[in-house]
Amino acid sequence: SQTIHQWPATLVQPVGSPLSLECTVEGTSNPNLYWYRQAAGRGLQLLFYSVGIGQISSEVPQNLSASRPQDRQFILSSKKLLLSDSGFYLCAWNRQGGVDNSPLHFGNGTRLTVT
Amino acid sequence: GIQVEQSPPDLILQEGANSTLRCNFSDSVNNLQWFHQNPWGQLINLFYIPSGTKQNGRLSATTVATERYSLLYISSSQTTDSGVYFCAVSSGTYKYIFGTGTRLKVLA
C-alpha cells in the first residue's frame with residue numbers, strides 16, 4: 001500500500017530564517033506531487049505541483065519554492081521566511097492518469113509558525 | 001478557473017441528527033472528492049465521486065455532474081464527525097481546487 005510521510009509536524013522559525021519541509025511517498029512510482037497551504041480557519045490553497053523529477057509548476061507567486069530531486073520526494077523551501085508564511089502546509093499525491101486523475105492523498109501536515 | 005462553493009459554512013447538530021452538505025462548482029469537472037479535516041488537521045478521504053452515488057456506513061454522497069453539484073449526507077451524527085468538510089474538484093488538469101469548507105460541530 002502507499003503511504004506519504006511529511007515532516008516535521010510542527011515548526012517555529014524566526015522571520016528571515018530559511019525553511020525546508022520534506023515529503024516522501026512510498027509504494028508507488030512517478031506520482032503527481034502537490035504542496036498546499038491552509039491559513040488558520042481557511043480553505044486549502046495550491047502552491048506547487050509536480051508531474052515528474054525536476055518539473056515544478058507554481059500556482060501562486062510568493063516567497064516559497066519547491067523542488068523534486070527524486071521521483072517520490074518533494075521539498076518546499078524558502079530562503080527568508082516572512083510572517084505571512086505562517087500556516088499549515090500539506091503535501092499530497094495522486095497517480096498520473098491523464099484526464100482522469102486518481103484521488104488525492106494527503107500527509108499529516110506541518111504547522112509552521114513564523115515569529 | 002473553476003469556482004467551488006460549499007454550504008452551509010457552519011453547522012451545529014445534536015448527536016443523532018442527520019445533515020446534508022452541499023458543494024456547487026462553476027464548470028465541468030472530471031474528478032470530485034469529499035474530505036473530512038479532523039481537529040488535528042488531518043485530511044481524511046471520504047469519497048472519490050466524480051458522478052453517481054456512493055455510501056460508506058453512515059455517510060453517503062451524490063454527485064450530479066450535469067447540474068454541477070455534489071451532496072454529502074451524514075446520518076445519525078456522532079461527536080467524532082465534528083471538523084471541517086471539504087469538497088475538491090479537478091477539471092482534467094493536475095490541479096484540485098478546494099471549496100471553503102463546512103465547519104460541523106456535533107454536540108453530545
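The values are calculated or read from the model by the stated rules, or taken from the named source; none is laboratory data. Given the structure is predicted, the values throughout are model-derived calculations rather than measurements. Glycine gets a Cβ as well: all are built from the backbone with ideal geometry, and neighbour counts include every protein chain shown. Each accessible area value is taken on the protein alone, full model and side chains, heavy atoms only, with ligands, DNA and RNA left out. Shrake-Rupley method; radii C 1.70, N 1.55, O 1.52, S 1.80 Å.
Partner shielding of A:26-34 amounts to 1, given as the average count of beta-carbon atoms from other chains within 10 Å of each residue beta-carbon.
For the Cα trace of chain A, dividing Rg by the Kirkwood Rh returns an Rg/Rh value of 0.96.
The accessible surface of the protein assembly as shown, taken with every protein chain in place and a 1.4 Å probe, is 50 percent carbon and sulfur. The residues of chain B expose on average 47 square angstrom of accessible surface per residue, using a 1.4 Å probe on protein heavy atoms.
On a 1.4 Å probe surface of the protein chains, which of A:L81, B:L59 comes out largest in accessible area, and what is the full order? Provide the component values of the computation, followed by the final result.
Numbers: A:L81 0, B:L59 30 Å².
Solvent-accessible surface, decreasing: B:L59, A:L81.
Of the three principal axes defined by the Cα atoms of the protein assembly as shown, the extents in descending order read 49, 39, 33 Å. Counting every Cα pair in the range B:56-108, what percent are over 18 Å apart? Pairs farther apart than 18 Å: 43 percent. With the simple model of a label 7 Å out from the Cα in the direction of the Cβ, A:T115 to B:T66 spans 5.8 nm.
Proximity of backbone amide H atoms, modeled 1.01 Å from N, is registered between A:Q96 and A:N32 at under 5 Å, excluding neighbours fewer than 5 places apart on the same chain. Taking label positions 7 Å along the Cα-Cβ direction at both A:T3 and B:D10, the computed distance is 3.9 nm, reported to one decimal.
In terms of its alpha-carbon gyration tensor, the range B:1-72 comes out prolate; a/c meets the 1.5 threshold, and the first ratio a/b outweighs b/c. Here A:Q55 and B:T80 are evaluated by their C-beta separation; at R0 = 45 Å the FRET efficiency comes out at 0.70. Put a dot 7 Å past the Cα of A:V12, heading toward its Cβ, do the same for B:W40, and the two dots end up 2.1 nm apart.
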